[in-house]
Amino acid sequence: MRILICEDSVLLREGIVRLLEDAGHTVVAALPDTQELTETVASTSPDLAILDVRLPPTFTDEGIRAAISLRSAHPALAVLVLSQYVEERYASELITGGQGSLGYLLKDRVADVAEFLESVERIGQGATVLDPEVVAQLLTRRAQDDRLARLTERERTVLALIAEGRSNQAIAATLFLSEASVEKHITAIFQKLGLEPDENGNRRVLAALAHHEFGGGTPQTGAAR
């Protein structure tokens, strides 16, 4: 295969180049960042692009966003992203946002040379190869989304106010409800989110975290029940 690499670590980049060339592949370019990525892909026509998720200048999400763009602009291009850990924010978009073959591997897998080269071969042949940890975390996220989907509109509003740090009394005053009604809503929220009773009152904190991570939004207040 003709392979393009985009990795900022010199040692890892050169190591991958050596591995691939020793396995009979041709590395058409080895870039340290995404500045010339689009032009290089156009001029070299690689079969596979390997990108680090975090690249200069901010080392946050440049690589995975570039991978998403490549999959959109070049449907026939196979893409393999390497990461220290799962970037959940973009992983789902990457996986669902294109038609070409795809790989998402944690960098620990590169240490197993045979496994890494096998994954490269499979991706080049049209397969989708996802690290088991990637799958596990995305399934966990989906489970969280599904649990929040069980909440009624009123329960979502109560949860949003809990996430703001409001007490039951303050929530009752905001929504023109009795404190007893608020307590019933909160009990239902805990049950639907699968939060078991505990001695430290952590369920309220965990519910707030679930809202911030998967719910978001501004609470809709009012007298309607």
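The values are calculated or read from the model by the stated rules, or taken from the named source; none is laboratory data. Since the structure is predicted, the reported quantities are computational estimates derived from the model, not experimental observations. All Cβ positions, even for glycine, are placed from backbone atoms using ideal geometry, and neighbour counts span all protein chains on display. Ligands, DNA and RNA are stripped out before the accessible areas are found, and what is left, the full protein with its side chains, is counted by its heavy atoms. Shrake-Rupley method; radii C 1.70, N 1.55, O 1.52, S 1.80 Å.
Odds and ends about this structure:
So that you can scan it fast, the table gives a plain yes or no per residue for (1) part of a helix (DSSP H, G or I); (2) surrounded by 12 or more Cβ atoms within 10 Å (Cβ to Cβ); (3) at pLDDT 65 or above; (4) of a type in the set (K, R):
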| site | (1), (2), (3), (4) |
| --- | --- |
| A188 | yes, yes, yes, no |
| G194 | no, yes, yes, no |
| E199 | no, no, no, no |
| G217 | no, no, no, no |
| G222 | no, no, no, no |
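- Of all positions in the stretch 93-113, none carries a residue that is modelled with pLDDT under 95, closer than 16 Å to C6 by Cβ and open to solvent by 50 Å² or more (accessible area, probe 1.4 Å).
- Test: E213 is modelled with pLDDT of 80 or more and out of contact with any strand residue (DSSP E or B) (no Cβ under 6 Å at 6 or more places or on another chain): no
- If you go through the stretch 39-80 and pick out every residue that is of a type in the set (A, V, I, L, M, F, W, C) and either open to solvent by 30 Å² or more (accessible area, probe 1.4 Å) or in a helix (DSSP H, G or I) (or both), you end up with 10.
- Among the residues making up the stretch 114-141, those that are β-branched (V, I, T) and either assigned to a helix (DSSP H, G or I) or open to solvent by 70 Å² or more (accessible area, probe 1.4 Å) (or both) are V120, I123, T128, V134, V135, T140.
- Residue list for the stretch 14-34, restricted to those being in a loop (DSSP other than H, G, I, E, B), free of Cβ contacts under 8 Å to residues at least 60 places away in the same chain and surrounded by 14 or more Cβ atoms within 10 Å (Cβ to Cβ): P32, D33, T34
- Tally, over the stretch 170-199, of residues that are of a type in the set (A, V, I, L, M) and in contact (Cβ under 8 Å) with a residue 12 or more places away in the chain: 9
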